[in-house]
Amino acid sequence: MKSIVILISGRGSNMESLLAAVAAGSLPVRVAAVLANRADAKGLETAAAAGVVTRVVEHRSFASRDAFDAALAEAIDAFSPDLVVLAGFMRILSDGFVRHFAGRLINIHPSLLPSFPGLHTHQRAIDEGVRVHGCTVHFVTPALDHGPIIVQAAVPVLDGDDAASLAARVLAQEHQVYPLAVRWFAEGHLQLVDGRVVFSAPQDSAGALVSPLARVAR
């Protein structure tokens, strides 16, 4: 069974969805540890209550980003994970860190990449008048919010939406597709070929890459 380390900065709702999937038996991985860059990250309590080892590498204790990333990489390597999962980890990672974990570092971003990288994705989607929004699970590369896409989930943007209502709809989909992407990795169903994700076996997500639109009553 493959092992994962999860990185968080706050509440860690995506971490919760992963832990729930493991507990339910639908995600065949061992969560070796949950690491946070803030000692007050609420998700640490959730992980500890689930019996998962937790560690804090406080970014404010380091003089530079590179020094922090080196310490974080050392802490992760102590658990020898097969996969490192960013779950609301609010730090921009250095090129060296990303290359160290190349091919085994994934992230979930609250937009349909390559649209709306960075912050405030939901308000930007509303401001641009898009009719479909969503989330993306991708391998991490040195370019911010840019890397080979594993799976995307789409939701409609409804008349009257604000950033909060749209964010809640997207978050519900995040909790569905992140455990799915991790399971595909754990079961060896995906690989990186020439910078793209290729599936080596049929998947169970309606065409593999894009989940159906979430149905929301108007």
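Key figures for this structure:
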| item | result |
| --- | --- |
| Scan of the stretch 3-14 for residues that are surrounded by 23 or more Cβ atoms within 10 Å (Cβ to Cβ) and more than 14 Å from A181 (Cβ to Cβ), ordered by number | V5, L7, I8, G12 |
| Members of the stretch 89-106 found to be crowded, with 21+ Cβ neighbours inside 10 Å and closer than 22 Å to V151 by Cβ, listed by number | F89, L93, L105, I106 |
| Hey, S3 polar (S, T, N, Q), part of a strand (DSSP E or B) and farther than 21 Å from L144 by Cα or not | yes |
| Close pairs from the stretch 79-102: first on the phi < 0 side of the Ramachandran plot, partner surrounded by fewer than 17 Cβ atoms within 10 Å (Cβ to Cβ) and assigned to a helix (DSSP H, G or I), Cβ under 6 Å, at least 6 apart | S94/R65; S94/D66 |
| Failed item in (1) in a loop (DSSP other than H, G, I, E, B); (2) farther than 22 Å from I92 by Cα, with A172 passing the rest | (1) |
| Only one of D161, D194, D204 that is farther than 21 Å from F89 by Cα, charged (D, E, K, R) and modelled with pLDDT of 95 or more | D161 |
| 2 or more residues under 19 Å from V137 (Cα atoms): qualifying strands (runs of 3 or more DSSP E) within the stretch 30-124 | 83-86, 105-109 |
| Residues being assigned to a loop (DSSP other than H, G, I, E, B) and either touching a residue at least 60 places away in the same chain (Cβ under 8 Å) or in contact with a helix residue (DSSP H, G or I) (Cβ under 7 Å, 6 or more places away or on another chain) (or both) - total across the stretch 131-161 | 6 |
| Criterion (among the polar types (S, T, N, Q), surrounded by fewer than 15 Cβ atoms within 10 Å (Cβ to Cβ) and in contact (Cβ under 8 Å) with a residue 12 or more places away in the chain) met by exactly one of S17, S26 | S26 |
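So that you can scan it fast, the table gives a plain yes or no per residue for (1) over 26 Å from M1 (Cα atoms); (2) out of contact with any Ser or Thr (no Cβ under 6 Å at 6 or more places or on another chain); (3) not assigned by TED's automatic domain parsing to the domain that holds H138:
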position: A39; (1), (2), (3): yes, yes, yes
position: E45; (1), (2), (3): no, yes, yes
position: A48; (1), (2), (3): no, no, yes
position: V53; (1), (2), (3): no, yes, yes
position: E58; (1), (2), (3): yes, yes, yes
position: S61; (1), (2), (3): yes, yes, yes
position: D69; (1), (2), (3): yes, no, yes
position: V84; (1), (2), (3): no, yes, yes
position: M90; (1), (2), (3): yes, no, yes
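The values are calculated or read from the model by the stated rules, or taken from the named source; none is laboratory data. Note that this is a predicted model, so its numbers are computed, not measured. For neighbour counting, all protein chains shown are included, and Cβ atoms are generated from backbone atoms with ideal geometry for every residue, glycine included.
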